[in-house]
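What follows is a single structure, written as structure tokens, with notes after it.
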Amino acid sequence: MSDSLAPSSENDIGQSHFDVTVVGTGLCESIAASALAKRGLSVLHLDPHEYYGDRHASLTVDEMVQWVNEIQASALHQYTAASYEFPISEFESNLNKVARQYALSVFPAILPARGDLIDTLIAEDVGKYVSFRLVDGVSTYQKPRAGELRETARWKRVPAGKDQIFKDSSLSLLDKRRLMKFIMFASSERSSDGWETEPLLQGKESQSILEFLASTFQLSHDLADTIAYGIAFCTSPTELAKPALMRMNRYFRSIGRYGPSPFLVAQYGGVGEITQAFCRASAVYGGMYILGPQGKISDFTCTPQEKISDHSQHAISLRIPAHHEPVTSDVLIDGTGTVLEHSSSATEGAAKVPSQVCCIAILSELPSQIQTAIAPNTTRQDDSADPEDSKDEQVEENAQDVFLMIFPPGSVQGGSTQAVRALFMGSGTGSCPAGQFVLYLQAMAEVDSVVPKQTLQPYLECLLGDVSPLFITYYAVKATADPLVFSSPTTDTPANTTPSSSLEQGQEELVWFEGLDMEAHRARELIRRGLVATSHRTHGVSAEED
Amino acid sequence: MELKSYDKYRMSFAPPTTSVKLVLLGEAAVGKSSLVLRFVSNDFQENKEPTIGAAFLTQKCTIGERTIKYEIWDTAGQERFASLAPMYYRNAQAALVVYDITKPASFIKARHWVKELHEQASKDITIALVGNKHDLVEDDNDGDDSSLRKVSIEEGQKLADEEGLLFFETSAKTAYNVNEVFVGIGSKIPEAPLLKPQQPQATDGRIDLSTGTAPAADGCAC
Ligand SMILES: Cc1cc2nc3c(=O)[nH]c(=O)nc-3n(C[C@H](O)[C@H](O)[C@H](O)COP(=O)(O)OP(=O)(O)OC[C@H]3O[C@@H](n4cnc5c(N)ncnc54)[C@H](O)[C@@H]3O)c2cc1C
Ligand SMILES: Nc1nc2c(ncn2[C@@H]2O[C@H](COP(=O)(O)OP(=O)(O)OP(=O)(O)O)[C@@H](O)[C@H]2O)c(=O)[nH]1
Ligand SMILES: [Mg+2]
């Protein structure tokens, strides 16, 4: 295989067959590409864009502008309603000088310290390519109580773990005891179906998490809110107890693995770096990478099994501009839904209405509301703090570079009836120049009309006050469709739809909350399918499945 | 694994080791991997296969009082179709831009990489321009038309001066000047460690995923 990597010349990539072709450099495709290359298969990895990451890309500002233009031209089917603004015109006129100092994530996500993606990063030894850091904290926005002035709405720092609960002077002794009791319950280790048989949940299957916290653990309304939105990351007040508890279980078990926070983010723009790391791993094992128009597929065919006459023939054939003759493969994985123009996910099962609206803003100063939100223990000033404590806080204050701010449903006037999340990143994350900040906002899309700006405006006003961002972009996202797998089933394949089929949606309940772990989960299925489709060619590589 | 924990042990008692991410760039077959092999293992392979499977090597280098730990990233072939991931350069404190002094096209490519690094990499990156395969021209007389040399020292030096780069001609085959490249880079790397002291959980400012503590040990901190 290795002799085929002749120096590239015009129109020749040095080989015309790859066991596996992968289209799209989104996270699950990239994980699959690296795993398949590592197992000895030859992998051709293409992406029609010039950048890595597809739906998980981290973009520079100029790339972001192009990306929005592409959405407006309906060329990216997962997104709609995109727009951008340069409220500070000097920034726009200077753009070509500074654009590349930014890494903006189109999929701003945090990574729990325990889960499928972390496991995959460790198992495949890919974590070494990425710098991770901890999320510094989470705050929830507390609605002013009736009779209180609007200005007194406050940020409540969500205590991470025992130490912080003890130190939290806003909690009464009784609250603390109840809270500890709840955390003991929610954090204990159990098997995945342990929740089915959990005595405290029996007969409460239809209870919301808020009701459950109040009735079973006598937690106050405020505390229950903080827990439901700040720890379980519920989006609506009606969310059921069990799934919320499962997420909290993961949250608590993630604390302490890499430090006091349960969450990590990748430096330099987040998940985009993680996809690049998997692509690098794949390249290290011989995967070939072609990005941009040179790798754009045409003349794609997938031949059904019965038409394949002898073993030298391959199920997949396609053309790319980079190569002078057709390229063959045994299996093709398409994460972009663009290979077969008409069977693309645009017409298949998956939801076609946007599920979320997002915005990304670059700030050149720290708005006072955000400053309050990320300052340690802002709710009530702790006058009695001993010197030891204030020293701790001093240290903490220096390192507030990654922060989550949660608006519970209805906490902002004119806002959404569901929770809205903001992710704040300072220059320490390598995603913007020193002294600047990147703010991500995300809300569920309205059912009737999707206007991201309209939905997010009240929250932006609340967070930014009169600070004008240097750049701001809005967009709406549809749920990620599972990648398509094209292959000819070999005799040992379970009867499966040919030539293309969407992946099964097993076990989703366990992983639905974390988009990144969902990708690791999808990748497993892609790897399995890839191994099955190539098993007749490779020796010693088996599609082992348990 | 054992080595790693030994390193950590050492680091906490010995004078601080500066960790430096160093990336290699240059056209295929100019000898990037061979230079690393020479530096790391003092070895050379006559017909080295194009790089696949080499990811990440580390090598310590002592310069006076200081120890520099190079974390060397080889390209893994992703640059072949202009598909080098930006993460490759991210946070790199040093880069070797390598060309083959017998291949003019590789020098043109080197110019391209220098430009790319100035645009994409961090501002304070230390770049060394390296003209490799010096052994092939060793017995040449200057001005000899039959010489294998196609890129003169002056051309290399000129580019280096214009762009503010270190400049070396090397041979991975004979080891000529190879250590000098790494020592030269090391002595230009700023002394102050770039670590944030506030992040105690991180070594070298980053979290090592595989060393997270076991769930039983401290679990949920409760
Ligand atoms: C401010 C902010 C805070 C966040 N906080 C968390 C958090 O605490 N924990 C966490 O796991 N994730 C968080 N993320 C969410 C992350 O971006 C994903 O949306 C999330 O992990 C997937 O959630 P879901 O499956 O519940 O969403 P759903 O609404 O159920 O799923 C929506 C689908 O859209 C896709 N999707 C979601 N967001 C995007 C996007 N931005 N671009 C492209 N596709 C997208 C997902 O793959 C998912 O399949 C946050 C995002 C933002 C902007
Ligand atoms: N004579 C001579 N040959 C060298 C020297 N350095 C490398 N080579 C040979 O040049 C060829 C390519 O060397 P590599 O180290 O694989 O080059 P590379 O830049 O890593 O190539 P890619 O990984 O394909 O990008 C091999 O056959 C080496 O043996 C040198 O200094 N002198
Ligand atoms: Mg090499």
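The values are calculated or read from the model by the stated rules, or taken from the named source; none is laboratory data. Since we're looking at a predicted model, the values are computed, not measured. Virtual Cβ from ideal backbone geometry, glycine too; neighbours counted across all protein chains shown. These accessible areas exclude ligands, DNA and RNA; they are computed on the full protein's heavy atoms, side chains included. Shrake-Rupley method; radii C 1.70, N 1.55, O 1.52, S 1.80 Å.
Note every residue of the stretch A:249-277 with a reduction of at least 50 square angstrom in accessible area, all protein chains present versus the isolated chain, computed with a 1.4 Å probe, or write none. Flagged in the stretch A:249-277: A:Y258, A:Y268, A:Q276.
Per residue, the stretch A:1-145 exposes an accessible area of 35 Å² to a 1.4 Å probe, with every protein chain left in place.
Sorted by average packing, counted as other Cβ atoms within 10 angstrom per residue and highest first, what order do B:162-169, A:87-94 take?
B:162-169, A:87-94
Peptides A:330-340, A:203-213 ordered by packing proxy, namely the average of other Cβ atoms within 10 Å per residue, highest first: A:330-340, A:203-213.
Nearest 100 Å², what total accessible surface is buried between chain A and chain B (probe 1.4 Å)?
Working: alone 24150 and 13190 Å², together 33230 Å².
The contact between B and A buries close to 4100 Å².
Backbone geometry of the stretch A:46-59 corresponds, through the Karplus equation with coefficients 6.51, -1.76 and 1.60 at θ = phi - 60°, to 3J(HN,Hα) couplings of 10, 8, x, 8, 7, 10, 7, x, 6, 5, 10, 5, 10, 10 Hz, x marking Gly and Pro.
For the listed residue pairs A:K156/B:K123; A:K296/B:K69; A:K296/B:K173; A:K38/A:K296, the alpha carbons are over 32 angstrom apart in A:K156/B:K123; A:K296/B:K69; A:K296/B:K173.
Exposure check, 1.4 Å probe, all protein chains in place: A:W195 carries approximately 10 Å² of accessible surface.
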